[in-house]
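First up is the structure itself, then whatever we jot down about it.
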Amino acid sequence: MPTDELRVIAAQRSLLSRVMIGVLSLLAVGGCVVLLASFAYGKNAARQAYDRLLIGAANDIAESINIIDGAAVADIPVSAFGLLSLALDDRISYAVRGPDGTLLTGYETALPPEGSARRSPPFYYDSTLQGEPSRFVTVVRRFSERDYSGTVSVTVGQTLRARNEMALNLTKGALVMTGLAGIALILSAYLVIRSAMRPLDQMANELLARDPYDLTPMKAHGPAEVAVMTEAMNRFMQRLDRQIGAMKHLISDTAHQLRTPVAAIRAQAELALEDDKDHQPQRLERLLRRTRSLGNLLDQMLSRALVIHRTDNAPPKPVDLRDIALQVLDDCDPDLLAPGVEVDLIITEAPVIVMADEVSLTEAGKNMLTNALQHGQAPVRIGVSTNTNQSELWVEDAGEGPEQDVLSRIGGRFERSAASRGTSAGLGLSIVHAVAEAFGGKITMGKQANGFRVALVLPTQEEDEL
Amino acid sequence: MIRAALFALLLPLSVSAQEAVQSFAAPAATPDTEIIVRSTTDIAVLTPALNAFVALYPGISITYEQWGSNALYADSRAACEGQIPPADVVFSSGVHQMVDLVNRACASPYVSEITRALPASRTWRDELWGITLEPAVIIYNTALVPAEDAPTTRFALLDLMRRAETPYRGKIATYDVEASGLGFLFAFMDSLEATTFGGLLEGFARTNSVATCCSAEIIDGVASGEYLIAYNVLGSYVSSVPRENIGVIHPDDYTLLLSRAYMIPKTARNKDGAEVLLDFLLSDAGQNILAAGNLVQRPDSDETALSESAQRPIAIDPKLLVAMDRHRRTRFVGQWRSTFGALPAGGFLSAP
C-alpha cells in the first residue's frame, strides 16, 4: 500500500513538473523574444529622442549664421550646446561649411558623407568620431544676399553613449516587467495545477477509504475532466456490481434449484434399494429421468450465467437473425427432445440484421425452441420476421400455451414450480428475457392464428447504418 | 624636506614653451615611477600638495612643468596626435581648452569612489575633473583707493568708470583675452552671464584700461600703485602671497568660480600614477591642503560669505566648446581689441 501511495504522489508530481517545465520554457522563449523586441524598440526610441536634440542644435546653429562683409559667420549659440549636452557624456562635433564645402568653423571631424549633396536635407547619417560610433545630422541654409549667395551646411554629430544607455534602460524596464509577469505566471500556473489536481487526490483518498464491497457510485467533484473520470469509474463499478450480483444470484439459484431434484434423486435411489426386486427397473427408470432432467437444469443455468456474462462484456455486433435461427435448429436435436416432431424453418430472403451478441442470441433461441418442443404441440415452427423498426426471432407451436398464471410469472429469475417438477421452462424464458433486455428488445408471447408464439423482438439495424 | 631643483627656462618662441620645471620626490626614497605633470598653476601654489603626495607615495616622483594655458593646449593637442611625447597629467585653468581636448578624444577615462563623488558640474565623461574652486575677484590698492570707491559689484565698477574726470583712467587692469586662456574664459563667461559685460567693455575703453597677461604682473602692479583696480583676477593668486595694501572683493552680483581641470592624456605612459595623484588631490587630505593654499574656496569661510545664487561655478561641460568656436572667438576677440587696441608687438613678457 505505501508503494502505491508513493507511485500516486510521484505521478502527480511529474505532471506538475511537466507543466511547470512547459511554462518555464515558454517563458524563456517569450523572454528572449521580449528582450530582442524591447531592445529594438528601446534603440529606436532613443534614436528618435536624441535625433531631435541633434537637429534642434543644428537648426540653432544654422539660425545663427549671418552674412557679414560678404562672408558667412556663425554666432554659435550656447543653447545649441546646451541641447547637445543633455546627452551628458557624449562627445560633440559640429561643422559649418560654405557652398564649396570648406570648413568655416567647427571641427573637421564632422564631415558629411560622400554623395550627400544629392540628398535632401535635413538628413541623418551614422559615422564615427575618433573611432567611436556616432550619429550626425546635416541641415542647410540658403543665402541669396547681394554679396553672398549659396548654401551653408551645418553638420552636428554626437557619440552614442546616452542613446545606448537609454536603450538599455528601456530594455531593462521591459525585462523587469516581463520578469515580474513571468513570476506571476509561474505562480498562478503552479496554483491552478495544484488546485486542478486536488480532486484527484480526494478521489484517491475516497477510494482508499472505501469498503471493498462498496460499489455504489462516487460523487463527481472537481472540473469536467475529473468528472469524466469519476463517471467512467462509476460505470465500471456498476458493471462490476452487476456481475457480482449475477454471480450471487447464480449461486443462490443453483443452490435453490438443485436442492429439490437432488433430494428427489436421493429418495428414488433409497426406494430402489429398499423396494423389492420387481419394482427395481421401474425405480431405476425414474432415477434416470430425474438425473437427465437435473443435467438439463444445469445446462440451462450455465447457459444463463454465460448469457449474463456476455451481455455485460461482449460489445453488440451486427448479427443476422436468419443465421441464428439456422444455428438454433442445428444445435437442438428435435428427435432427441421430442421424437417425431417436425420443426419448420420460416425465414425471409433478405438478411435480418440486429445489434446483438451471436452466442447470447443462440442460447435464447435454443431455450425458446426447447420449451416449444418439450411443452408445446406439433407442429413446431421457428422463424424470423422483420419490418423497418423491429425484427423478431420467434418460435411457434400448435398448442394453447402455458396457463395465464404461469405466463404472468415468466421472466423472473427462476420459476419454482418448474424447478420442483424437474423441468425448467421458467429458467429458459428468463434467459430469453435477459437477452432481450440486454440488447434493447423485449419478449412477446401470445396466441396467433397458428397457435402459441414466443418472440424475441429486437430493434432493426439498417444495413447502411453500419 | 624637498629634493627640489628649480629651472627657469626661457624659450619664448617655441610653442611648447614650459616656463619652469621642478621635481618632487620624498627624501631618501628611491621612486620607481615618475609622472610628468604639465600645469598652468604656479609651482609655489601647488608645492605643499605635491610634497604631501610624494611623502604619502614614496614610490612616485613628480616632474612638474609650468606652462601658459594657450601653450599647454597647443602642446596637448600635438601630443594627442602623437607628434610629441605626452605628459602623464595635464592640469589647466583653461577649462574650455580642456573640454575641447576631451571632446577631441585626447583623454583617458578613470572612475573611482572619489571621482564619483564629484558633482556633475565638476566632471565630464569621467575624463575631466575639476580639482579646485577659485573665485574671480576684483582687487584694489587699499592705500590709493578710498574705501567708499571700492566696487563691491560690477555696477559699482561701471559707475566708477563712468565718472567724469575719473582718477582711474589708465589705472584699471584685467587679463588680456588673447594672451591668457584664463582671461578669455573669464571674459567669455562674463559675456554669457550678464548684460553688464557690454557696459564693462565700454567702460574699459572710456578709461583706457590696460589688458595684460599674467596674474603676478597684475597683482604686483596693483600693489605698487601702477594700477589701482584689477578686474577678474584669480583670487587664489592674490591670497597666496598676502600683501598689506591689496583689498579683495568677491563681487556681490555674481562671482565666477573656476575649477582647474585635470586630465590624463590617452597616450600617457604612466596612467596609474596619474590616477593615484588625481585621487589624492580630490581626497579630503588633498582638498584640505589645497584649501589652505586658497585653491579651494570653502563655502563656509567668512570672507566669501556670498549667497548661493551669486556663486557661478564654471561648469565643466560641452557648453564651454562654444568658447572654442573659431567664429565666436574671432568676433569676441575683435570686440575686445576694439576696446583695448592691438596686442603689443612681440606679445607680453612671459612670467610666472
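FYI, it's all coordinate maths here, none of it is from the lab. Everything quoted here is computed from the prediction, not taken from an experiment. As a convention, Cβ positions derive from the backbone with ideal geometry for all residues, glycine included, and neighbour counts pool all protein chains shown.
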Inset, instruction - Within a 10 angstrom radius of each residue's Cβ in B:313-325, how many Cβ atoms of other chains show up on average? Whole number is fine. - result: 5
Inset, instruction - Kindly put A:THR128, A:THR105 in sequence by how many other C-beta atoms sit within 10 Å of each C-beta, fewest to most. - result: A:THR128, A:THR105
Inset, instruction - Find the percent of Cα-Cα distances in region B:124-204 that exceed 18 Å, and round it to a whole number. - result: 51 percent
Legend entry - Fewest-first sequence of A:CYS32, B:CYS213 by Cβ atoms within 10 Å of each Cβ: A:CYS32, B:CYS213
Inset, instruction - Evaluate peptide A:75-84: per residue, the Cβ atoms of other protein chains within 10 Å of its Cβ; return the mean as an integer. - result: 5
Legend entry - q = 0.06, 0.08, 0.09, 0.11 Å⁻¹, the protein assembly as shown: log10 I(q)/I(0) [Debye, one scatterer per Cα]: -0.59, -0.85, -0.98, -1.20
Legend entry - Ascending count of other beta-carbon atoms within 10 Å, so fewest first, for A:HIS309, A:HIS221, B:HIS250: A:HIS221, A:HIS309, B:HIS250
Inset, instruction - Could you quote the convex hull projected area for region A:242-465, Cα atoms only and averaged over all directions, in nm²? - result: 13.4 nm²
Inset, instruction - Count neighbours as other Cβ atoms within 10 Å of each site's Cβ, and list the chymotrypsin sites (Phe, Trp or Tyr not before Pro) in region A:154-240 that are DSSP loop with at most 10 such neighbours. - result: A:TYR213
Inset, instruction - Quick one: compute a quarter of the convex hull surface over the Cα atoms of region B:170-300 and quote it in nm². - result: 10.1 nm²
Inset, instruction - Rounding to the nearest 20 debye, state how big the charge dipole of chain A is about its Cα centre with +1 on each Lys and Arg Cβ and -1 on each Asp and Glu Cβ. - result: 1640 debye
Inset, instruction - Let me have the 222 nm mean residue ellipticity of chain B computed from DSSP H runs of 4+ only, each contributing -39500 (n - 2.57), with the sum over all residues rounded to the nearest 500. - result: -10500 deg cm²/dmol
Legend entry - Per residue, the convex hull volume that the Cα atoms of chain A enclose (Å³): 299 Å³
Legend entry - Per-residue average of Cβ from other chains inside 10 Å of A:129-142: 1
Inset, instruction - Write down the Kirkwood hydrodynamic radius of region A:189-333, to one decimal in angstroms, obtained as one divided by the mean of 1/r over all alpha carbon pairs. - result: 20.7 Å
Inset, instruction - Could you tell me, in Å, what Rg and Dmax come out for the Cα atoms of region B:239-341? - result: 18.1, 47
Inset, instruction - Identify all lysines with a Cα-Cα distance to A:LYS366 below 30 Å; exclude those on the same chain that are fewer than 8 residues away in sequence. - result: A:LYS248, A:LYS317, A:LYS442, A:LYS447
Legend entry - Alpha-carbon radius of gyration plus Dmax, which is the widest Cα pair, for region A:190-271 in Å: 22.7, 82
Legend entry - Tilt relative to chain A, helix A:2-63 - C-alpha long axis, 0 to 90 degrees, to 10: 20 degrees
Legend entry - Hits among lysines - C-alpha to C-alpha of B:LYS266 under 24 Å, sequence gap 8 or more where chains match: B:LYS319
Inset, instruction - Excluding residues on the same chain fewer than 8 positions from A:LYS219, give the aspartates and glutamates whose Cα lies under 12 Å from its Cα. - result: A:GLU206, A:GLU231
Legend entry - Cα-Cα separations in region A:91-165 greater than 15 Å, expressed as whole percent: 54 percent
Inset, instruction - Mind pulling the angle between the C-alpha long axis of helix A:321-331 and the longest principal axis of chain A? Nearest 10 degrees, somewhere in 0 to 90. - result: 40 degrees
Inset, instruction - Name the residues whose placed amide hydrogens come within less than 5 Å of the amide hydrogen of B:ILE35, ignoring near sequence neighbours (fewer than 5 apart) on the same chain. - result: B:SER61, B:ILE62, B:THR63
Inset, instruction - Only Lys, Arg, Asp and Glu count, each charged at its Cβ (+1, +1, -1, -1), so figure out the dipole size of region A:242-465 about its Cα centre, rounded to 20 debye. - result: 1080 debye
Inset, instruction - Mind listing the long-range amide H neighbours of A:THR105? Cut-off is under 5 Å, sequence gap 5 or more, other chains count too, H placed in the peptide plane at 1.01 Å from N. - result: A:VAL96
Inset, instruction - Consider just the alpha-carbon atoms of chain B and return their Rg together with their Dmax, both in angstrom. - result: 19.9, 65
Legend entry - Amide H contacts of B:ASP252 (H built 1.01 Å from N, under 5 Å, at least 5 apart or other chain): B:THR153, B:ARG154
Inset, instruction - Two decimals is fine: what's Rg over Rh for region A:52-202, C-alpha atoms, Kirkwood radius as Rh? - result: 1.38
Legend entry - In degrees, nearest ten, helix A:358-375 long axis to first principal axis of chain A (Cα): 20 degrees
Inset, instruction - Report the relative contact order of chain B, percent, no decimals, based on alpha-carbon pairs under 8 angstrom and at least 6 residues apart. - result: 24 percent
Legend entry - Over chain A: helical MRE at 222 nm, DSSP H runs n ≥ 4 each giving -39500 (n - 2.57), nearest 500: -19500 deg cm²/dmol
